[in-house]
Amino acid sequence: MRIGIDVGGTFTDVVLIDDQTGRIHYTKTLTTPANRALGVIEGLQTILELASAQAGQIDTIVHGTTTGTNALIERKGARTGLVTTAGFRDVLEIARIERPAAGLYDIFVDLPAPLVPRYLRVEVDERVGASGEIVRPLDEASARQAITYLKTQGVEAIAICLIFGFRNPVHEQRLRELCREILPGVSVSLASEIAPEFREYERTSTAVINAYLQPVIEHYLDNLAGELARHYGQVDLRIMQASGGSMTVEDARDRAVNMVNSGPAGGALAAAYVGQRAGDEQIVGVDMGGTSFDIGLIVGGEPRTSAEGEFEGYPVKIPMIDVHAIGAGGGSLAWIDRGGALNVGPESAGADPGPACYGRGDRPTVTDANLVLGRLNPAYFLGGAMKLDIERARQAIREHVAEPLGLSVEAAAAGIIRVVNANMTRGINTNTVEKGLDVRNFTLLPYGGAGPIHAVDLAQELGMQRVIVPPYPGTLSALGLLVANTRYDYVATLAVDEDQVVAADLEVRFAGLEVQGRAQLQAQHVPADRIRLVRSADMRYTGQSYELNTPFPDSDPLNDEAIRSVIDTFHELHYRVYAYGSVDEKVEFVNLRLAAIGLAPEVKLGAAPVTGGADPVKGHHPVYFFGHDFVDTPTLDRTKLAPGAALSGPCLVEEPASTTVIPPGARAWVDKVGSLIIEWG
C-alpha cells in the first residue's frame, strides 16, 4: 500500500492506494498550523481505518507540504549569512537592474528585499576563472575572518556562492569545511551543489533561498519523521519536489528549495494523468483549496516545466513544474476597502479559525457565501464529519458585507462569488493568453475541495467548452504524489556554439551525469528496469539572453546526426513557443541536463464501485445560479453514478470531499474512469 499526503494551508489531504486490489481510499483533515505533523498523523489514522489496513502494510509515504512556501511568504526563514567573492557582495540587490512587471503602472511596487541583509553578506579573497582555473587561491585568513564575523551575528544558516564556483567548486568546499569548524551545527548551502550553472544572480538567489529554508525544513522533517516513527515505526517517507519527482528525506534536508511548491506540483501531475485517460491533452488544471488557487498548464499531455522560475519574487534555478498561485480559496476573506468596494482575498481564514460557518471565526469567506447560496450541504461537509453553521455564515456576511453595501445577504454572497471568480479568471488568463496560448482550446480540470463548485462558471467566462471533474477531486493533489516518480536532476554548463560541439565530448559529459544519477537511484533500491535517464540541453540563438530546454533523441552513443537532430528540434521548439525561428542563425548549447527517474508503480485509476440503490438523487433545495437566481435543484450522490450515467443541469453532484455545481443548460456524463465530463452550448 502507498499513501500520498498533501498538507495545505487549511486541509491535509490523504490518499491510500492498495496496489493489490486497485482500491483507492481518501480523507481530509484540518491542518494543524502549530504542529503540522499532528494533522498528518490524524489523517493517517483515519485512512488506515477506512482501508482496514495496518501500518506494516504501508510500502511508501509520499509527502507534499507548504512549509517552505509559507516560510518564504511570511519571511519566517532562518537568519542567513552569505559568503561570496570579494567585489560581489551586492549581487542580490543589483539583480537584473529591472523593476517588477507590476511596476510599469505602480510606482510603489518594488522588488522584494533580499533575504540576506547587506550586513550579513561577507566577502572572501579568491577567484576562479571562467574555465575553472584558479586565478587567485582562497585566502584562508580572510575566510576565517568573514565566517567568525557571521558567528558574532548569530546566523543560523550560511549560503556560499563564489564567482565561477560551478566550474570549480574547490574553494566553496573548503569554505564549508571552515564553516563547520567555526560554526558547528549551522546549515551550509553551496551554490555549486544547489544550482551548478551560470548566471550569478539566479545562482546566488537559489543558494540563499535554500539556506534560508534549510533549518525550517530540517525541523519540520525531523518532527514529522519522529512522529511517524513513534506511531508506526520505520516507514519509507519520500518528499515531493517542485520538479514533479520525489526524493528521500535525507536529500530533502539538504535541498530545501526543491520542496517549495511541492504540493501544487503533485496536483499538476494528477491533472495530466486524468486528462490523458479522458483523451484530452490540453488542460488547465486549477486547484482551489482553502487558502490558494493554483493554476497549472498541461500541454501535449505533460505539465509545462521550466529550468528556472520564481518563488515570491525571488528567482530560482531548479527544474520545476510551472504552477502559478493566487490568494483565492474557500477560506479567502471578503472585505470592504476604504473606497467602499468589495474585495475577496488574498488573506485567508486558514484552518484556524477558518470560515465563519466552521463555528470559530466571525469573518465571511468564499465558503460562507457558497453555503448561503445553497451550493454546499451544511450536513454533508467532509462526508458529514463536519457540520456547517449556516446562520453564523449569514451573520458574518450580513455584518461585514451586506449592511455596509446596502444589500441583502444573498446578493452580498453572490457578489463575493463574482469577485473571487473574477480573480481566478484573471489568474488563468495570465497563465494562458499572456503566454500566447488560446484558453478556448483548453479543457478546465478543477480539483481541491472548492474547485468543482466554481469550475463551470469560470470555464464559461473564459470561453472554454468543457470541464473534467476528476475522481476524488478534493484530494487529487495527494493522488498526484503517488503518480510522481522518484527523480533527481543534474546539470553541467557547456556554453559553446553549435560549430564547436563535438558529439564525443557531449557523450562523456552526459555519461558522467548518468553515473551519478544511476548510483543515486540504485542506492534507493530502484530496480534497473525501472530507471530512465532523460537527456536534454538548454539552448538559444547566439546572443539571446534566455534558453529553451530541448530534448535529445535516443542515440547511443551520441553522433553528429543526433546533434543535428537536436538543433533542428530547437528551431521547431523556438518557433512553436515564440512564433519565430531562424535556421540560418547559430545555436548555442548552454547547459546539459539529465533527469534520473525511478518509475513509480502505475496508478490504476478506475470508476469506484457504485454503492447503494439505483437512485442517486438525495433531495432538492434552492440553489443560486448566475442569470437564474434561486432554482429548485436536485442533489446527486456521486458514488451512485456509474460510468455512462448522463445528467443535465441544474444539479449538484455531492461527494465526501467536494461538490460539483452543474448550472442550467449544461449536460454531463461519467466516463470509464469515473471522471465527470461537463459541456454546454
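Could you give every pair whose Cβ atoms fall below 9 Å, whose first residue belongs to region 608-632 and is at pLDDT below 90, and whose second residue is part of a strand (DSSP E or B) and of a type in the set (A, V, I, L, M), counting only separations of at least 6 or pairs across chains?
608/24
Looking at (1) in a loop (DSSP other than H, G, I, E, B); (2) in contact with a His (Cβ under 8 Å, 6 or more places away or on another chain), which one does residue 328 not meet, given that it meets all the others?
Evaluating residue 328 over (1) in a loop (DSSP other than H, G, I, E, B); (2) in contact with a His (Cβ under 8 Å, 6 or more places away or on another chain) leaves (2) as the failure.
Every residue, every condition in (1) within 26 Å of residue 213 (Cβ to Cβ); (2) modelled with pLDDT of 90 or more, yes or no:
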{"site": "247", "(1), (2)": "yes, yes"}
{"site": "251", "(1), (2)": "yes, yes"}
{"site": "270", "(1), (2)": "yes, yes"}
{"site": "275", "(1), (2)": "no, yes"}
{"site": "284", "(1), (2)": "no, yes"}
{"site": "298", "(1), (2)": "no, yes"}
{"site": "304", "(1), (2)": "yes, no"}
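Anything in region 57-72 that is part of a helix (DSSP H, G or I) and in contact (Cβ under 8 Å) with a residue 60 or more places away in the chain? List them, or say none. Before the answer, list the steps.
Of region 57-72, the ones part of a helix (DSSP H, G or I) are 57, 67-72.
Residues satisfying the conditions are 67, 68, 69, 70, 71, 72.
Quick test for you: out of 667, 638, pick the one residue that is modelled with pLDDT of 95 or more, among the basic types (Lys, Arg) and farther than 30 Å from residue 547 by Cβ.
Working: 638 fails: modelled with pLDDT of 95 or more.
The unique qualifying residue is 667.
Tell me the residue from 594, 641 that is under 30 Å from residue 511 (Cα atoms) and outside the structural domain of residue 203 (by TED's automatic domain parsing), please. Write out each step before concluding.
Numbers: 641 fails: under 30 Å from residue 511 (Cα atoms).
After applying the criteria, what remains is 594.
Please pick out the residue among 412, 396, 402 that is part of a helix (DSSP H, G or I), touching a Pro at 6+ places or on another chain (Cβ under 6 Å), of a type in the set (Gly, Ala, Ser) and more than 30 Å from residue 602 (Cα to Cα).
Result of the check over 412, 396, 402: 396.
When you check residue 310 against the structure, is it over 20 Å from residue 206 (Cα atoms) and among the acidic types (Asp, Glu), yes or no?
When the stated conditions are applied, residue 310 does not pass them.
Give me the pairs, please: first residue somewhere in region 429-458 and closer than 17 Å to residue 298 by Cα and outside any helix (DSSP H, G or I), second residue anywhere and of a type in the set (Lys, Arg) and at pLDDT 95 or above, beta-carbon distance under 6 Å, and either six or more positions apart or on two chains.
These pairs meet every condition: 443/466.
Testing residue 381 on (1) buried (at least 24 other Cβ atoms within 10 Å of the Cβ); (2) of a type in the set (A, V, I, L, M, F, W, C); (3) closer than 23 Å to residue 12 by Cα; (4) without any contact (Cβ under 8 Å) to a residue 60 or more places away in the chain, one condition comes back false. Which one is that?
Looking at each condition in turn, residue 381 falls short on (1).
Can you tell which of 331, 406, 374 is at pLDDT below 95 and not assigned by TED's automatic domain parsing to the domain that holds residue 661?
On the way: 406 fails: at pLDDT below 95; 374 fails: at pLDDT below 95.
Within the list 331, 406, 374, the selection yields 331.
Residues are listed down the side, and each one gets a yes or a no for (1) over 26 Å from residue 319 (Cβ atoms); (2) assigned to a loop (DSSP other than H, G, I, E, B); (3) outside the structural domain of residue 489 (by TED's automatic domain parsing):
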residue	(1), (2), (3)
135	yes, no, yes
149	yes, no, yes
164	no, yes, yes
185	yes, yes, yes
192	no, no, yes
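Name the one entry in 238, 230 that is closer than 12 Å to residue 487 by Cβ, not aromatic (Phe, Trp, Tyr) and not in a loop (DSSP other than H, G, I, E, B).
238
Residue by residue through region 340-363, note down the ones that are surrounded by 20 or more Cβ atoms within 10 Å (Cβ to Cβ) and closer than 22 Å to residue 294 by Cα.
344, 345, 348, 349, 350, 351, 354, 355 - these are the residues of region 340-363 that are surrounded by 20 or more Cβ atoms within 10 Å (Cβ to Cβ) and closer than 22 Å to residue 294 by Cα.
Mind checking which residues of region 384-395 are surrounded by 21 or more Cβ atoms within 10 Å (Cβ to Cβ) and not charged (D, E, K, R)? First the steps, then the outcome.
First, pick out the residues of region 384-395 that are surrounded by 21 or more Cβ atoms within 10 Å (Cβ to Cβ): 388, 393-394.
Within region 384-395, 388, 393 meet the criteria.
The values are calculated or read from the model by the stated rules, or taken from the named source; none is laboratory data. Model, not experiment: these values are computed from the prediction. Because the Cβ atoms are built from the backbone with ideal geometry, glycine has one as well, and the counts that use them run over all protein chains shown.
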